[in-house]
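Trainee: Below is a structure I'd like to ask you about.
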Amino acid sequence: MARIIVVTSGKGGVGKTTTSAAFATGLALKGFRTAVIDFDVGLRNLDLIMGCERRVVYDFVNVINQEATLNQALIRDKRCDNLFILPASQTRDKESLTKEGVERVLGELGETFDYIVCDSPAGIERGATLAMYFADDAIVVTNPEVSSVRDSDRMLGILASKSRRAEAGEEPIKEYLLLTRYSPQRAKIGEMLSVDDVQEILSLHLLGVIPDSRAVLNASNAGSPVILDEKSDAGRAYDDAVRRYLGEDVPHRFIAAEKKSFISRLFRG
């Protein structure tokens, strides 16, 4: 059976879809057959980030309503044979997602995939709660600001109490912290929370720190997961996070402010 990963947060705009696309791509590049599902019914963006918006014929809700088969709706990524995308519907409302339907689709995917990445909407509406309900692992995405961290803390309570695992008394969902849009220089002068501040509040295993980078926006606009940009700090940071998730001992980068050499300081002056 596949391992189900939910990418979640309490606040919108923190980089969940960017993370879902990058993480699913990273797992697929490591040789794992991976599906990534957009749970944000009505406001789908995953297909844009993945660059397959023109190839969408059937969607997640079509499969739930048995208007199309899973094989018809899944879109194979052109850059990686192991990666498949299941887009959300733009024309249905969030009530179109049913617990029974989502469970059936995830069960069918679990027969042939190693990992299923669920791109959750923000907050606690229906798509978000269903994405979390069936999860084995949760990647909690947050920005280094108080409101984002506070909302993420609320999501941890839901993950701990309202999941299938919690209802069945099974081992809890494994929770990981991914800190996005981080600038060590700004954290140093108090303009944003530091990595230590966020970890102290949330007490989660730190999966990765994604630096604030223009490469993320450029990749999104190009319809390409940023992890494929191996020259960018953000791309390398996401690759590090995937490797840590898979059990590799990878040192954290992009946490401390870069020290300028004497020569660079001299010329800057």
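The values are calculated or read from the model by the stated rules, or taken from the named source; none is laboratory data. The shown structure was predicted, so the numbers you read here are calculated from the model rather than taken from an experiment. Neighbour counts are summed over all protein chains in view; Cβ atoms, including those assigned to glycine, are modelled from backbone coordinates with ideal geometry. Areas reflect the complete protein model, heavy atoms only, side chains present, ligands, DNA and RNA absent. Shrake-Rupley method; radii C 1.70, N 1.55, O 1.52, S 1.80 Å.
Trainee: Give me the pairs: first residue in the stretch 131-147 and farther than 26 Å from E95 by Cα and of a type in the set (G, A, S), second residue open to solvent by 10 Å² or more (accessible area, probe 1.4 Å) and in a loop (DSSP other than H, G, I, E, B), beta-carbon distance under 8 Å, and six or more apart or on different chains, which are they?
Mentor: Here the result reads S147/K11, each pair linking the stretch 131-147 to a residue that is open to solvent by 10 Å² or more (accessible area, probe 1.4 Å) and in a loop (DSSP other than H, G, I, E, B).
Trainee: Name the residue that is nearest to V226 (Cα to Cα), counting only residues in the stretch 20-48 that are in contact with a Ser or Thr (Cβ under 7 Å, 6 or more places away or on another chain) and β-branched (V, I, T).
Mentor: V36
Trainee: Can you name the residue in the stretch 138-163 that is of a type in the set (S, T, Y) and more than 17 Å from L206 (Cα to Cα) and, of all such residues, is surrounded by the most Cβ atoms within 10 Å (Cβ to Cβ)?
Mentor: Our first condition is that a residue be of a type in the set (S, T, Y); within the stretch 138-163, this holds for 142, 147-148, 152, 161, 163.
Among the residues that remain, those that are also more than 17 Å from L206 (Cα to Cα) are: 147, 161, 163.
Values: S147: 11, S161: 10, S163: 21.
Out of the qualifying residues, it is S163.
Trainee: Let me ask something else about it. Under the condition of being crowded, with 21+ Cβ neighbours inside 10 Å and not β-branched (V, I, T), which residue from the stretch 78-105 is nearest to D229 (Cα to Cα)?
Mentor: Restricting to residues being crowded, with 21+ Cβ neighbours inside 10 Å and not β-branched (V, I, T), the top hit is L83.
Trainee: Would you mention how many residues in the stretch 256-269 are out of contact with any Lys or Arg (no Cβ under 8 Å at 6 or more places or on another chain), modelled with pLDDT under 60 and of a type outside the set (S, T, Y)?
Mentor: 6
Trainee: So T18 clears everything in (1) open to solvent by less than 30 Å² (accessible area, probe 1.4 Å); (2) touching a Leu at 6+ places or on another chain (Cβ under 9 Å); (3) in contact (Cβ under 8 Å) with a residue 60 or more places away in the chain except one condition, right? Which one?
Mentor: Unmet condition: (2).
Trainee: Please verify whether the stretch 238-255 includes one or more residues that are exposed (fewer than 13 other Cβ atoms within 10 Å of the Cβ), modelled with pLDDT under 95 and touching a helix residue (DSSP H, G or I) at 6+ places or on another chain (Cβ under 9 Å).
Mentor: No: the stretch 238-255 contains no residue that is exposed (fewer than 13 other Cβ atoms within 10 Å of the Cβ), modelled with pLDDT under 95 and touching a helix residue (DSSP H, G or I) at 6+ places or on another chain (Cβ under 9 Å).
Trainee: Additional query: Residues of the stretch 1-26 being touching a Lys or Arg at 6+ places or on another chain (Cβ under 9 Å) and not β-branched (V, I, T), which ones?
Mentor: A2, S9, G10, K11, G15, G26
Trainee: Continuing with the same structure: Go through the residues of the stretch 196-205 one by one and say whether even a single one is under 17 Å from G235 (Cα atoms) and within 21 Å of the chain's Cα centre (by Cα).
Mentor: No - not one qualifying residue is present in the stretch 196-205.
Trainee: Please work out which one of (1) open to solvent by 20 Å² or more (accessible area, probe 1.4 Å); (2) without any contact (Cβ under 8 Å) to a residue 60 or more places away in the chain; (3) part of a loop (DSSP other than H, G, I, E, B) is the condition D40 fails and give its number.
Mentor: Result: D40 fails condition (2) only.
Trainee: I'm trying to understand the selection: among the residues of the stretch 220-253, which are touching a residue at least 40 places away in the same chain (Cβ under 8 Å), among the hydrophobic types (A, V, I, L, M, F, W, C) and in a helix (DSSP H, G or I)?
Mentor: Scanning the stretch 220-253 gives A222, V226, I227, L228, A241, V242.
Trainee: Let me ask something else about it. Against the definition (open to solvent by 10 Å² or more (accessible area, probe 1.4 Å), under 18 Å from the mean Cα position of the chain (by Cα) and under 19 Å from D38 (Cβ atoms)), how does T180 come out, yes or no? Don't jump to the end; show me each part of the working.
Mentor: Details: open to solvent by 10 Å² or more (accessible area, probe 1.4 Å): no; under 18 Å from the mean Cα position of the chain (by Cα): yes; under 19 Å from D38 (Cβ atoms): yes.
Criteria not met by T180.
Trainee: So, in the stretch 5-14, how many residues would count as being surrounded by fewer than 24 Cβ atoms within 10 Å (Cβ to Cβ) and touching a Leu at 6+ places or on another chain (Cβ under 8 Å)?
Mentor: Final tally of qualifying residues: 0.
Matching residues to (1) of a type in the set (D, E, K, R); (2) more than 22 Å from A135 (Cα to Cα); (3) out of contact with any helix residue (DSSP H, G or I) (no Cβ under 9 Å at 6 or more places or on another chain):
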site: M1; (1), (2), (3): no, no, no
site: V6; (1), (2), (3): no, no, no
site: K11; (1), (2), (3): yes, no, no
site: K16; (1), (2), (3): yes, no, yes
site: S20; (1), (2), (3): no, no, no
site: V36; (1), (2), (3): no, no, no
site: D47; (1), (2), (3): yes, no, no
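Trainee: Any chance you could count how many residues in the stretch 90-124 are modelled with pLDDT under 95, among the hydroxyl-bearing types (S, T, Y) and in contact with a strand residue (DSSP E or B) (Cβ under 9 Å, 6 or more places away or on another chain)?
Mentor: Summing the residues that are modelled with pLDDT under 95, among the hydroxyl-bearing types (S, T, Y) and in contact with a strand residue (DSSP E or B) (Cβ under 9 Å, 6 or more places away or on another chain) in the stretch 90-124 gives 1.
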